[in-house]
Amino acid sequence: MRIFFRISVCFASVYFYSSLLFAQSSLKIVPESYLSLDKIIVTPTKSSMPVEQSPGSVEVITNKDMEKRNVLSVDDALDTSAGVIVNRGKGIMDYNSSIMLRGMPGQGRTMVMMDGVVLNSPYANTVFLNAISTESLERIEVVKGPSSSLYGGSAMGGVIHLITKMPETREVSLSVGGGGSVDSVAPDNFRRLRASYGDVFLNDKLKVYFSGDYQATDGYRSDAMITSQLAPLAGLSGYKTSRSVTGGQVYIIGDKGRNRAKQDSLHLKTEYLLTAQSKLRFSVLRSTGGYDYDNPRTFLADSSGAPKWIYSSTGAQPFSYLGNSVYFEQLIYSSEYEVKMNKMSLKLGASYFDQAKNWSVTPDGRTPNDLPPEKGKLSTTPNSVKSLDLQLTTSEVNNHLLTFGAAVRESISDTSEYSLSNWRNEESREALGYESRGADRSYALFAQDEFLISKNVVLFTGLRSDWWETTQGFNSVEGSHGARSKNMLSPKVSIVYTPASKTALRLSGGQAFRAPSIYDLYRTWTTSSGTTYKGNPNLKPESSFSWEVGVTQGLSKDSVLKLTYFENYIVDMIYSTTSGTVREKLNAGKGQSKGIEFETEYTLSPWVSANFNYTYTSTEIVENSAVPLSVGKKFPWVPEHMLNSGLDFKLKDWGAYLGVKYMSKRFSNDLNTDRVDGVQGSYDAHTVVDAKVRHALTSQATISLAVNNLMNLEYYTSSRSPGRTWFADFTYRF
């Protein structure tokens, strides 16, 4: 009952205060001097505005932008954006991918949403990006910079908002595609099928959109089997010598097999116009996916040429060659009621995020000569999130657009580890070996004011208060943990000045935070070598202060130039100690990132347009009592330099896109010890060239052919990244 009482108090307070501001004029404030490039956004302020009016740096990626390039996943759509770091090494086979903004390391410090529903998992803040079909997206709004003043936790680097389609008339689409490697180490037998249907019924009162997406690949041999044993057994041959990322000698003795993967999704979205001023929306997304490995290989052979799986005097077990398998299944339900009454707009939303299946299986060898072994271990982590959101916007006070809101979020996660009698069958569970679980809640109130100081100056001020508490903490090693709570305030101030019709200057600063995940708090586990990684139920939320200054200059109707300088300062960063057999998480760190983003889009002629962006990011770990040797080092996974450029050609029924992406060297750990490039585990600097040609056969049918990594560059992003690949697609719309 307590949670519903708090919800009622939050919502009633906001509604009562905002109702006092009811009046009779236009709801939106837009300075006369703002130009419009026909891109309307909603994420930066939770209200519609031209992209040029945004109080911070924003990028909009439309469905048409995605069609120009070979976009097969959400991160494909984002990996050419300034300030956006996509950490994905193996295409759709990589379920541990992440998207980071402005040098904030780790997915947990960047929020990802779909139609207002947060997709970051409560267990570890991860996002299954493969679960979202790009076919159903109308656009992606990328808001860079601290956004906790509106969205709460996990928005330190910014917010990536996926906004799905809603039809205005009947539209049907069917797309069939496939591809594979071109004389390279790359995913084979890639196939994809997409279909969508949208329509309008009941005199335009009811809108319905449905989409389905399936894609799969047989994968490629991306993960080598490597040992650091100094002396392979006498008489064995076939192994290759190599280097580790730190420079030590290692031996490549085989691989784990081809890393296969597949995913599918079904999305239904509806909107019903109740009255001329009110509407109701509902959507449900179901998606599944997973990966595994087929037959491993050994390179070792004895003097007679017979293959050998034991490679050293320690008698290594054959399960070392076998890769794990991963599977997830999730459902996302969301609904929203919106009503406009003269100068007031009210939105009430509810959502339920249910990751009912989220498991991995690790094979477990029992005898040296069995391949594969029958035994294994299952780790399953179902988790769910319930949320309610209320937003009221009014322009009662002259030259002010006021937004008030309240939000409630409740999440739960439960991890269980079982032994398996057959590692190929996750249902063959035996004994329960370990369990951990936890739950958290947050209650929030926020307010924002867009103040039109003059016809060309707008001041944005915002403040959000989040009250966060954890409950039900437990793990098999330490037992139960008591409840804890913490209150966080997230202010933000921005000012936008437009001295001319095509020029906008902005300055903004604000605070943001990330609450520790359930994994950070309660997950304690021990490796096969005896090292224990220990959660800490006393962790505090991380917090950051960020500011930026930028300019947007319109060059012509479809051409624009942007320049932004930013700084981020993080405190109470969560780290694990690195010494000893017990490594506990602590609020031990301080860090900073500073950088410049330069972007331009330019129309060279009616048939040629170009885009270019460059991002420089300098990061530093300033303080870290958990890992003192990391002080002065760079953040992991964050490149210092990124550059993207593209040319798009259109001539009658033909179109072509040529893109170049450069990313400098990255480190995989806080000590920056990985100095060797071109080996497994390294994050190499690379320049990749992609191309796509498209042709409209008729007004309804289109074919395309794309080639990624056109120059067949060999590089590593931990695993070996795909070489040259091709993808052909046929799309029919009517």
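The values are calculated or read from the model by the stated rules, or taken from the named source; none is laboratory data. Values in this document were obtained by computation on a predicted structure and should not be read as measured data. FYI the Cβ positions are ideal-geometry reconstructions off the backbone, even for glycines, and counts take in every protein chain you see. Accessible surface areas use protein heavy atoms only, side chains included; no ligands, DNA or RNA. Shrake-Rupley method; radii C 1.70, N 1.55, O 1.52, S 1.80 Å.
Applying the selection to the stretch 602-631, what residues are in contact (Cβ under 8 Å) with a residue 24 or more places away in the chain, closer than 25 Å to W547 by Cα, open to solvent by 30 Å² or more (accessible area, probe 1.4 Å) and not aromatic (F, W, Y)?
Matches in the stretch 602-631: S618, E620, V622, E623.
Taking V200 and the conditions (1) over 25 Å from the mean Cα position of the chain (by Cα); (2) closer than 25 Å to K90 by Cα; (3) open to solvent by 20 Å² or more (accessible area, probe 1.4 Å), which numbered condition does it fall short on, given that it satisfies the others?
(2)
Out of the residues in the stretch 352-390 that are part of a loop (DSSP other than H, G, I, E, B) and open to solvent by less than 20 Å² (accessible area, probe 1.4 Å), which is modelled with the highest pLDDT?
T381
Tell me yes or no: at least one residue of the stretch 537-557 is under 21 Å from P50 (Cβ atoms), touching a strand residue (DSSP E or B) at 6+ places or on another chain (Cβ under 6 Å), at pLDDT 95 or above and polar (S, T, N, Q).
no
Which of (1) modelled with pLDDT under 95; (2) at positive phi is the odd one out, the single condition G158 does not satisfy?
All conditions pass for G158, except number (1).
Across the stretch 184-197, what is the number of residues that are open to solvent by 50 Å² or more (accessible area, probe 1.4 Å) and part of a strand (DSSP E or B)?
Adding up the residues that qualify gives 4.
Any residue in the stretch 438-451 that's open to solvent by less than 10 Å² (accessible area, probe 1.4 Å): show its pairings with residues that are among the aromatic types (F, W, Y) at Cβ separation under 7 Å, as long as the two are six or more apart or on different chains.
G438/Y522; E450/F460
So for the stretch 685-693 (the condition being surrounded by fewer than 18 Cβ atoms within 10 Å (Cβ to Cβ), in contact with an Asp or Glu (Cβ under 7 Å, 6 or more places away or on another chain) and in contact (Cβ under 8 Å) with a residue 12 or more places away in the chain), does at least one residue qualify?
No: zero hits.
Among the residues of the stretch 545-592 satisfying the criterion of being closer than 25 Å to S147 by Cβ and of a type in the set (S, T, N, Q), which is most open to solvent (accessible area, probe 1.4 Å)?
Q553
Hey, can you tell me all the residues within the stretch 144-183 that are in contact with a helix residue (DSSP H, G or I) (Cβ under 7 Å, 6 or more places away or on another chain) and either open to solvent by 30 Å² or more (accessible area, probe 1.4 Å) or acidic (D, E) (or both)?
K165
Tell me the strands (runs of 3 or more DSSP E) entirely within the stretch 89-164 that contain at least 2 residues that are hydroxyl-bearing (S, T, Y) and under 10 Å from the mean Cα position of the chain (by Cα).
none
If you take the residues of the stretch 640-656 that are part of a loop (DSSP other than H, G, I, E, B) and on the phi < 0 side of the Ramachandran plot, which of them is least open to solvent (accessible area, probe 1.4 Å)?
E640
May I ask you to list the residues in the stretch 657-684 that are of a type outside the set (S, T, Y), touching a strand residue (DSSP E or B) at 6+ places or on another chain (Cβ under 9 Å) and open to solvent by 30 Å² or more (accessible area, probe 1.4 Å)?
Scanning the stretch 657-684 gives L658, V660, K661, K665, D670, V676, D677, G678, Q680.
Restricting attention to the stretch 568-586, which residues are in a strand (DSSP E or B) and either over 24 Å from S543 (Cβ atoms) or among the acidic types (D, E) (or both)?
Result: D572, V582, E584.
Look at R733 and say whether it is surrounded by fewer than 19 Cβ atoms within 10 Å (Cβ to Cβ), in contact (Cβ under 8 Å) with a residue 40 or more places away in the chain, charged (D, E, K, R) and over 30 Å from D572 (Cα atoms).
So R733 passes the test.
Anything in the stretch 539-556 that is farther than 21 Å from V496 by Cα and either assigned to a strand (DSSP E or B) or out of contact with any helix residue (DSSP H, G or I) (no Cβ under 8 Å at 6 or more places or on another chain) (or both)? List them, or say none.
Selection gives K540, P541, E542, S543, S544.
Scan the stretch 454-477 and give yes if some residue there is assigned to a loop (DSSP other than H, G, I, E, B) and closer than 21 Å to Y533 by Cβ, otherwise no.
yes
Pick from G108, G56: which is open to solvent by less than 20 Å² (accessible area, probe 1.4 Å) and at pLDDT 90 or above?
G108
Give the residue, chosen from L266, L280, that is under 30 Å from K340 (Cα atoms) and surrounded by fewer than 19 Cβ atoms within 10 Å (Cβ to Cβ).
L280
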